Amino acid sequence: MRDIRQLHPQLQLKIAELKALCDKVGLKMVIGECLRTVAEQDALYAQGRTRPGIRVTNAPGRTYSSQHQWGIAFDFYRGDGKGAYDDSDNFFGRVGALAKQIGLGWGGDWKSPVDKPHVYLPQWGSTTSVLRSTYGTPDKFIRTWDRAVLNFRIGGRYRTTKPCYLRLSPAGKKLAYKDAPEHIKAKSTKKGGKVSLKKGAGFVLTEVVGRKGDIWGRMKTGYWVPLRYRGIPRARPKK
Ligand SMILES: [Zn+2]
């Protein structure tokens with residue numbers, strides 16, 4: 001199915017980011033296949049085996065071994081009229097490089113099969129084995145998704161609505177005041193030796209992740225700030 005709204009919310013954010021990057025350099029990338037059902041995966045697996053066509057996948061439906069079945073991958077093609085899969089000018093490699101630049105995985109790096117139109121969220125590895133052993137079925141995995149991350153926009157300007165500790169990773173260690181750069185100190189107070197970003201401090205969002213009910217955002221400086229913490233919003237768009 002070609003519906004990006006069925007994909008993992010973090011991947012939806014990344015798609016918006018990737019599209020903007022592609023537009024900037026004149027690569028007309030179009031989103032194709034997104035989430036795939038068991039029946040759709042079986043039909044694809046049959047191609048080149050019990051049905052005509054060339055083999056395009058090694059993953060039968062019930063094994064849940066395609067990333068598409070977990071909503072963490074999409075395929076793309078070119079939409080500039082040169083032929084959807086024309087790669088004479090390394091179109092797919094250039095889009096793949098941009099995808100990797102923003103932290104996505106690219107099927108063009110795979111060995112068998114090499115899958116240049118395939119892009120995925122890499123935090124569970126390059127196969128589905130971690131997802132299968134952790135969640136069992138895609139349904140159970142999809143129930144853990146936090147769609148509230150879609151309320152935020154990568155590249156957008158935000159301000160804090162409360163004082164916030166800065167962290168070195170999502171929910172990770174707090175930034176020590178003595179380690180903070182001057183421009184961070186300028187909009188913070190020292191609280192228990194840690195940096196507490198003042199209410200109303202502005203920042204540009206470069207990454208958003210949902211974790212155990214909280215939402216964390218990465219600032220341009222690399223530090224992480226809570227966007228929603230214990231149910232309470234901590235940031236809003238800067239007008
Ligand atoms: Zn794919």
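The values are calculated or read from the model by the stated rules, or taken from the named source; none is laboratory data. Quantities reported herein were computed from a predicted structural model and do not represent experimental measurements. Neighbour counts run over all protein chains shown; Cβ positions are idealised from the backbone, glycine included.
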Review point. In the list ASP75, ASP89, which residue meets the criterion of being in the same structural domain as LYS28 (by TED's automatic domain parsing) and in a loop (DSSP other than H, G, I, E, B)?
Key: ASP89
Review point. Would you call VAL130 among the aliphatic types (A, V, I, L, M) and in a helix (DSSP H, G or I)?
Key: yes
Review point. Any idea which residue in segment 63-91 is farthest from SER112 (Cα to Cα), counting only those that are touching a strand residue (DSSP E or B) at 6+ places or on another chain (Cβ under 8 Å), hydrophobic (A, V, I, L, M, F, W, C) and within 15 Å of the ligand (Cβ to nearest atom)?
Key: ALA84
Point to revise | Qualifying residue in segment 82-99 (condition: closer than 28 Å to ARG211 by Cβ and basic (Lys, Arg)) | key: no
Revision key, fill the gap. Flagged pairs (Cβ under 6 angstrom, 6 or more apart or on separate chains; first in segment 103-120, not assigned by TED's automatic domain parsing to the domain that holds TYR77 and within 12 Å of the ligand (Cβ to nearest atom); second at pLDDT 95 or above and of a type in the set (S, T, N, Q)) are none
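From SER66, SER129, grab the single residue that is of a type in the set (S, T, N, Q) and under 20 Å from ARG5 (Cα atoms). Break it down into steps so the answer makes sense when it comes.
On the way: SER129 fails: under 20 Å from ARG5 (Cα atoms).
Just a single option satisfies the conditions, and that option is SER66.
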Review point. Quick one: would you say ILE215 is aliphatic (A, V, I, L, M) and in a helix (DSSP H, G or I)?
Key: no
Check your understanding: Pick from LYS116, LYS178, LYS199, LYS162: which is among the charged types (D, E, K, R), part of a helix (DSSP H, G or I) and over 19 Å from GLN10 (Cβ atoms)?
Key -> LYS178
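If you scan segment 1-29, which residues turn out to be out of contact with any Ser or Thr (no Cβ under 8 Å at 6 or more places or on another chain) and assigned to a loop (DSSP other than H, G, I, E, B)?
ARG2, ASP3, LEU7, HIS8, VAL25, GLY26, LEU27, LYS28
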Check your understanding: Conditions: (1) away from the ligand (no atom under 16 Å from the Cβ); (2) outside the structural domain of LEU227 (by TED's automatic domain parsing); (3) under 30 Å from VAL30 (Cβ atoms). VAL209 meets all but one. Number of the miss?
Key -> (2)
